[in-house]
Structure formats: structure tokens, C-alpha cells
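Down below is the structure, laid out as C-alpha cells.
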Amino acid sequence: MDQAQELRNIIKMNKQQVNTIPARVITVTSGKGGVGKSNTAINLAVQLTKIGKRVIILDADFGLANVEVMFGAIPKYNLSDLIYKEKNIKDIITKGPLDIGFISGGSGIEGLTNLSKENISYLIQNMSELDTLADFIIVDTGAGISDAVIDFLIYSAEILLVMTPEPTSLTDSYSLLKTLRRNPKYERGLNNIKVITNKVTSNEEGRKLFDKLNLVVERFLKIKIEYLGMIPTDDSIEKSVMQQVPVSIQYPSSKASAAFKQLVLNLVEEEQQDTRKKGILNFITGYLLKK
């Protein structure tokens, strides 16, 4: 029996043991840095929590520690401690504002595909528990088109692409989608891709920016993307980042906070129908198997 088949057997056993409604796994990404990706992930988590949803953020940007900095909370353990030091999943979940949990990937994300059978089995057993601990799992990827980012996107049922009016953000967003589309493991129709326009002056500007991207994506990539909504330019965001408190908590009456609330309402309105990629087990095991 080859290693891939052994891994499939481990996955099958764990799925049979888990009798729960799988969490919605939403991956937040961007074609370039500096567009507000991590800030978006965090404030979506806050607004989801405010409507009664249980949320855990997986910080998969192992080059930076944006989530913990913005939360003002330093994790004691990260994913590497679970894999190599036999901590359990609850040990590595750090509590942020409103009891939102987050998991620091550390160097554990980078080494996921080079694990022993025992490490993989332990990882899957623990990660499967997340479906019982959360209604939504938000994965904050690194920015850009690295192999690690693209792999996460391929195995994500729901993708939120954050972009700004900067010309480089538009071209880099297109490059990200083109790289995803051309990956041999990409399957058309299995990824629900929605775009969030950030740092815009109005709904109209946000929609026009999306239309520019959608025009070239439809023409050259032949994939479907949808518009989720916009986040306006708002000084409150920068202030909240400096204060290490999400704007949705620090300035709940701000334009930005209202925009994040509307984005969440748009998200929860459309419950995911296709369950083939739903839940953290499908996400993490697809990534491990690279099938």
C-alpha cells in the first residue's frame, strides 16, 4: 500500500468517526500585499461572531504574523507544536477579541506535505475537531501567487479575493486567478470565488473595479467570479490597526464596520450548496493529498 492510499484510509476513518455539520471554510487571499487582506479576514470574523457564529481563523501566512499583531495577542503554541510536539488542537487555539479563536501556522504550514504517517494521522485527528468547534473557519493566506498560496486556493470551497483600485492590485489579482486556472489540479466550478473591493470611495466605484477584473477574467480565463461587496476608505481602519483592535470592535459605528457587517450578511445569505469541499477535513486532506 502506497503512502497516498494509507493517508486516504486515515481520512476515511476520521470522517466516519466525526458526526457533525462541517464548518464553512473560507479562504481570504490577494494578488499582492498591502491591500487589507488580513484586516478583512479579522473583521469578517468579528462580524460573524456578532451574529452568533463560532469562528476560528487559521493564519496560513507563515511569513508574517498579521493576525496576532492585529488581535494584540501572542500565541503560546502554533501548528508546528501540534504536529511535532503532540499538543492538541485546543492547546494551539489562541483566543482573541470576542473569544474568536485563531491558530498561528508558524513553520507548520510550510512543512505540511513532508510529514510522516504518524504526524499526518495525528494532524488529521486534531484538525477534524475544528468542525465541532466552529461554524466558520477563515484561512488567511499569504499574498501573491506562491505555490503554497495556490495550493490552499485549489482546495478551498470558498475564496474571497481582496483588491484595491491600485492598477497593480488589478493586474496582480488577474495574475493570481490566471495561475490558479492554469494549475493542473484546478477543477472548474468547485471553487466559489468572490471579490471584495477595498479602499474605494463608493459602492459604484467598487462595482466598476470588479467589472474591470471580471471583463478580462471572463474573456481570457473562462472562470466565474462574483462580487461580494466593498469596504470604503475610512481613517478608522488605520487607527484601529495602530491600536491593535479590529475596527468592527473599536469603531462599531464607522463606515468600515458597517461595510464588514454587510459583507457578512451577504456571505451568510448564500449557504454553500456544494458539499464536496465543505469542512476542514476536506480542505486539509485535499491539500495533503494534492489530488
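Where a number appears in this text, it was derived from the coordinates with a stated rule and is not lab data. Keep in mind the model is a prediction, meaning the values are calculated, not measured. Here the Cβ is made from the backbone with ideal geometry for all residues, glycine too, and neighbour counts use every protein chain on show.
For segment 133-230, which GluC sites (Glu not before Pro) pass both filters: DSSP loop (anything but H, G, I, E, B) and at most 14 other C-beta atoms within 10 Å? Walk me through the numbers before you get to the answer.
Values: sites: GLU158, GLU187, GLU204, GLU205, GLU218, GLU226; in loops: GLU187.
Answer by residue number: GLU187.
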Whole-angstrom Cα spans of segment 3-289 along principal axes, big to small: 51, 42, 32
Quick one: if you stick a label point 7 Å off each Cα along the C-beta vector at ASP99 and LYS255, how many nm between them? 3.5
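Loop only per DSSP, at most 14 neighbouring Cβ atoms within 10 Å: give me the trypsin sites (Lys or Arg not before Pro) in segment 139-244, ordered by residue number. Present the calculation step by step, with values, prior to reporting the outcome.
Details: sites: LYS178, ARG181, ARG182, LYS185, ARG188, LYS194, LYS199, ARG207, LYS208, LYS212, ARG219, LYS222, LYS224, LYS239; in loops: LYS185, ARG188, LYS222, LYS224.
Sparse-neighbourhood loop trypsin sites (Lys or Arg not before Pro): LYS185, ARG188, LYS222, LYS224.
With an 8 Å cut-off on Cα pairs and a minimum separation of 6 or more residues, tell me the relative contact order of segment 3-289 in percent.
On the way: 527 pairs, mean separation 74.8, N = 287.
In percent, rounded to a whole number, it is 26.
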Taking 7 Å along the Cα-to-C-beta vector as the label spot, tell me the ARG54-ASP235 distance in nanometres, rounded to one decimal. 4.1
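As a test of understanding, state the convex hull volume per residue of segment 82-218 from its alpha carbons, in Å³.
It comes to 147 Å³ per residue, whole-number rounded.
Summing +1 for each Lys or Arg and -1 for each Asp or Glu, what net charge is found among the other residues whose Cβ lies under 14 Å from the Cβ of ASP140? Each step should come with its number before you reach the end.
Values: positive: LYS37; negative: ASP59, ASP61, GLU68, GLU158.
Net charge around ASP140: -3.
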If I model a spin label as a point 7 Å beyond the Cα along the Cα-Cβ vector, how far apart are those points for GLU270 and LYS85 in nm? 4.1
For segment 111-168 and segment 195-243, distance of Cα centres in Å: 22
